[in-house]
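**Student:** Provided herewith is a single structure, encoded as structure tokens, for subsequent inquiry.
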Amino acid sequence: MDFTFTPEQDALREQARAFLAANPEPSWKELAELGWTGVSIAEEDGGAGLTFVEEAVLLEELGRALYRGPFFSTVAVTLPALPDDLRAEVAAGETSWTLAFGPLVPDLDTADRVAIVGGDGIYELEGAEREILSTTDETRPVGVVRGGDPGRRLADSGVLEEIRNRTLAALAIEACGVARRALEFGIEHASTREQFGKPIGVYQAVSHPLADAYTRLELARSLSLWAAWCVAENDEQAPIAAAAAKAFAAEAAVQVCETAIQVHGGIGFTWEHVLQRLYKRALWIESFSASSSTLRAEVAAALLDATPAASGFVQTPVSLTQGG
Amino acid sequence: MDLRDTADEAAFRGELRSWIEENLPEELQGHRGGAARFEGEAMRGWSRALHEAGFAGLTWPTEYGGSGASYTHQAIFLEEMARAEAPPHVGVIGLGMAGPTIMAHGSEEQKARYLEPILSADEIWCQGFSEPGAGSDLAAVRTSARQKNGHFVVDGQKVWSSFAHLASFCILLTRSDPESTRHAGLTYLIVDMHAPGVDVRPLTQITGEAEFNEIFFDGVEVPAENLLGEIGGGWQVAMTTLLHERGTLGFALQAALAVQVRKLAALARDRGADPLQRDRIAREWIEVQALRFTNYRALSKLVKTGVPGPEGSISKLVWSEANQRVTKLALELLGPDAALAEENAPYGGYWQHQQLRSRGNTIEAGTSEVLRNIVAERVLGLPKSR
């Protein structure tokens, strides 16, 4: 058992953090030049041949930086449905994708092409009209598609389970990145802001909620990395790990942001402070795909019911025992 | 990153699992914790069996009679013991606290005298740290140790001392310099619990059982060779003890909580649960997984770097609060039957007992308030509150 990152994964995280700090709004082409769009794409298709764990490293940093662009919708969501030739285009930074698997389509403003779930498979949607909707989180626009025709058949609907697992695991680790940055703001403010002649972090009414925020974040991160590893390894626990991670991490991120806002007092409530953006991303993550309570209902069904609900869970791996 | 057991870990786990299956006496399986966990000759026999199989003091160096095993094997051992609902070795304080402290600070004579009987469960140890006026604030201890004619004379009172009624020895934190305050002037002694002037009185707790005791010391003579570390250096020695208290404990706690949640799910299947209760059961299952993988992260870092990761500091805090919620949720599932106790209650009163016992979880071995201070100050680097 080894639950640490490799030196290469740590280096990737450092590179990502430094790059995004210097380039807050990178283009798709720039991300491709860094090799990020092709992380898990095979080397013969121009990718790096790595795994979802490396993609999770990037998604955490992209969440932290509140990146706006089609990375989530292309890499986390649509990639399993793409045939090799289209993957090569993604790795080269020539195209980005999003998938219409619900009424609200993520990253519809920036994604070049749209895939759609229909009948027995996933198809490219051609000739559709796009409408970008006004959203609370301005860094993660969604839209709706109207009309259009199914074009090339991309994949069998069998990939939907993998897409679901990747989507949930990606949202979970992104939530951890959002929460980490909010917590850092909270710690910084509590350490430097003085009232009654002392830094406010001296007061346990301030420090204990921050300790709790840290605790929820670390638990969320453990679940998210477990889910990421399960997805990368195609482990039989991937469906329940991804559901558990998203359910927990989304709520944790919302809570951490709320704590950070409260610790900041008035400034935390202003438009000017970045906390409001982090908070809105956390709320977006909580609402997207499946809410925490919906996912917990699926977990409960897997734990308590003789026949699993129509949740996509494989029943056997839901093991309550340790190890093995 | 590979969350599977290595071949070596899987072999150890498999071997251990079958050993427990073959050797755990039926009457000891499914122990419900509390006072039952250390009473009776059968428990002594079980501890001896663990020792003979090499599972007592797993991480102790071989020169002191241990197995010199890795932290990972220790974690697997704790997981498997909890999973099988096997009671722990009765020498909890000796194995986890007194032994490692003697290894770190003791003389060769002390190591030769005390370590082996801890492993074999021939001698049980208790801890004399807390006092009526020194709980979370350990540096406020007042129990005195005067030097007189080449020995120490101990007077004072200790409290919340588990195993004291069974113990041969006590690791005792005293104030040897009456003029001193706080961390200076403390001295760490090994005290024979059968010496004249030692009086142990059990404390009946919220469950109706007596797991811990008060210890009164009235002019107790302690030989000079029972000094551990330096006179006046007791605080540093005590910190070694507390460091070991928190060591790999997290694995035992998390594995026990996993068993608790498994029983909660069985209870819900047995007696039904409404949608809101199902949501909370799912929450607790998710939380146990979170705790488990957080422990794995901390362990991996410890194995790779020799230093435990900061994640480990939240383990006991999370476990204690989760165990309180889980046991209370079980009572809710029992409905009006929750009011019954012991043999009149479903499952022999298991959940009623567990729920009451769990109130101690957020107090013993570091209160949740102290643990939050530790996270805030040592992990987050916030300014100190005192």
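**Student:** Tell me the label-point distance for the pair B:ASP155, A:ALA128, using the 7 Å Cα-to-Cβ offset, in nm and rounded to one decimal.
**Tutor:** Output for this residue pair reads 8.6 nm.
**Student:** Quick check on the stretch B:125-234: what are the equivalent-ellipsoid semi-axes from the Cα gyration tensor, as sqrt(5λ), descending, whole Å?
**Tutor:** 23, 16, 10
**Student:** Dipole size in debye (nearest 20) for chain B around its Cα centre, Lys and Arg Cβ +1, Asp and Glu Cβ -1?
**Tutor:** 1400 debye
**Student:** So for the stretch B:265-371, taking the charge dipole from beta-carbon charges (+1 Lys/Arg, -1 Asp/Glu), which of B:GLY348, B:VAL303, B:GLY366 sits furthest toward the positive end?
**Tutor:** B:VAL303
**Student:** Okay, next question. For the pairs A:LYS198/B:LYS328; A:LYS29/B:LYS304; A:LYS246/B:LYS301; B:LYS158/B:LYS316, flag any whose C-alpha to C-alpha distance is greater than 29 Å.
**Tutor:** A:LYS198/B:LYS328; A:LYS29/B:LYS304
**Student:** Compute the relative contact order of the stretch B:77-235 as a whole-number percentage, counting only Cα pairs closer than 8 Å that sit 6 or more residues apart in sequence.
**Tutor:** 22 percent
**Student:** Once you have the Kirkwood Rh of chain A from its Cα pairs, apply Stokes-Einstein at 10 °C and 1.306 mPa s and quote D in µm²/s.
**Tutor:** Answer from the Stokes-Einstein relation: 78 µm²/s.
**Student:** Output ³J(HN,Hα) for the stretch A:114-122: one whole-Hz value per residue in order, computed from phi by the Karplus curve 6.51 cos²θ - 1.76 cosθ + 1.60 with θ = phi - 60°, and x for Gly and Pro.
**Tutor:** These are the phi-based 3J(HN,Hα) values: 10, 9, 9, 8, x, x, 9, x, 10 Hz.
**Student:** For labels at B:THR204 and B:THR62 in the simple 7 Å Cα→Cβ model, what's the distance in nm?
**Tutor:** About 5.1 nm separates the two model spin labels.
**Student:** How many nm is it between the label spots at A:TRP271 and B:MET239, if each spot is 7 Å from the Cα in line with the beta carbon?
**Tutor:** Calculated label separation equals 5.2 nm.
**Student:** May I pose another question? Shape of the stretch B:247-379 from its Cα gyration tensor (a ≥ b ≥ c, root eigenvalues): rounded if a/c is under 1.5, otherwise prolate when a/b > b/c, or oblate? Don't skip to the end; give the middle numbers.
**Tutor:** Numbers: a/c = 2.52, a/b = 1.95, b/c = 1.29.
It comes out prolate by the Cα gyration axes.
**Student:** Now for a different question. What is the extension gain from B:ASP279 to B:ALA42, computed as 0.36 nm multiplied by their sequence separation minus the C-alpha to C-alpha distance, in nm to one decimal?
**Tutor:** 81.3 nm
**Student:** Using only the alpha carbons of the protein assembly as shown, what is the convex hull's orientation-averaged projected area in square nanometres?
**Tutor:** Result: 33.6 nm².
**Student:** Placing unit charges on C-beta atoms (Lys and Arg positive, Asp and Glu negative, everything else neutral), compute the dipole magnitude of the stretch A:40-195 about its Cα centre in debye, rounded to 20. Kindly include the intermediate steps, with their values, before the conclusion.
**Tutor:** Numbers: 14 positive and 29 negative charges, 110 e Å.
My answer is approximately 520 debye.
**Student:** Karplus couplings for the stretch B:75-86 from phi (6.51 cos²θ - 1.76 cosθ + 1.60, θ = phi - 60°), rounded to Hz, Gly and Pro as x?
**Tutor:** For the stretch B:75-86, the Karplus curve yields 5, 5, 4, 5, 4, 5, 4, 5, 4, 7, 6, 8 Hz.
**Student:** Could you run the Karplus curve 6.51 cos²θ - 1.76 cosθ + 1.60 with θ = phi - 60° over the stretch B:45-56 and give me ³J(HN,Hα) per residue in whole Hz, x for Gly and Pro?
**Tutor:** For the stretch B:45-56, the Karplus curve yields x, 4, 4, 4, 4, 4, 5, 4, 7, x, 9, 7 Hz.
**Student:** Let me have the 222 nm mean residue ellipticity of the protein assembly as shown computed from DSSP H runs of 4+ only, each contributing -39500 (n - 2.57), with the sum over all residues rounded to the nearest 500. Don't skip to the end; give the middle numbers.
**Tutor:** On the way: 20 runs with 323 residues, N = 710.
Calculated mean residue ellipticity at 222 nm is -15000 deg cm²/dmol.
**Student:** Another question about this same structure. Where does the charge balance sit around B:THR72 when Lys and Arg score +1, Asp and Glu -1, over other residues with C-beta under 15 Å from its C-beta?
**Tutor:** -2
**Student:** Let me ask you something else. Given a Förster distance of 35 angstrom, what is the FRET efficiency for B:THR181 paired with B:THR305, based on the Cβ-Cβ distance and rounded to 0.05? Numbers along the way, then the final one.
**Tutor:** Values: r = 37 Å, r/R0 = 1.06.
After rounding to 0.05, the efficiency reads 0.40.
**Student:** Among A:GLY201, A:GLY265, A:PHE288, which residue has its Cα positioned farthest towards the positive end of the charge dipole of the stretch A:160-304, with +1 placed on the Cβ of Lys and Arg, -1 on the Cβ of Asp and Glu, and the dipole taken about the Cα centre?
**Tutor:** After comparing all options, I get A:GLY265.
**Student:** Let me ask something else. Amide H of A:ARG113: which non-local residues (sequence gap of 5 or more, or other chain) have their own amide H closer than 5 Å, using H built in the peptide plane?
**Tutor:** Those lying under 5 Å, H to H, from A:ARG113 are A:SER96, A:TRP97, A:THR98.
**Student:** Moving on. From zero outward in steps of 20 Å, how is the percent of C-alpha pairs of chain B spread across the bins?
**Tutor:** Answer for chain B: a P(r) of 26, 59, 15, 0 percent.
**Student:** Hey, can you grab everything whose amide H is under 5 Å from the amide H of A:GLY121? Only 5+ residues off in sequence or another chain; H modelled, so Pro and N-termini drop out.
**Tutor:** When sequence neighbours closer than 5 places are left aside, the close amide H contacts are A:SER157.
**Student:** Here's something else I'd like to know. Tell me the relative contact order for the stretch A:160-304 as a rounded percent, counting alpha carbon contacts under 8 Å between residues six or more apart.
**Tutor:** On the way: 192 pairs, mean separation 47.4, N = 145.
It comes to 33 percent, rounded to a whole number.
**Student:** Let me ask something additional. Find which of B:CYS170, B:GLY250, B:CYS126 sits farthest along the positive direction of the dipole of chain B, computed with +1 on the beta-carbon of Lys and Arg, -1 on that of Asp and Glu, about the Cα centre.
**Tutor:** The residue sitting farthest along the positive end of the dipole is B:GLY250.
**Student:** Let me spell out the model: positive unit charges on the Cβ of Lys and Arg, negative unit charges on the Cβ of Asp and Glu, origin at the Cα centre of chain A. What dipole size does that give, in debye rounded to 20? Please report the intermediate quantities before stating the final value.
**Tutor:** Numbers: 25 positive and 47 negative charges, 254 e Å.
With only Lys, Arg, Asp and Glu charged at Cβ, the dipole is about 1220 debye.
**Student:** What is the sum of charges, Lys and Arg at +1 and Asp and Glu at -1, for the other residues whose Cβ falls under 12 Å from the Cβ of B:PRO196?
**Tutor:** -4
Since every read-out is calculated from the coordinates, none of them should be taken as a lab result. These numbers come from a predicted model, not from an experiment. No Cβ is skipped: glycine too gets one built from the backbone with ideal geometry, and neighbour counts run over all protein chains shown.
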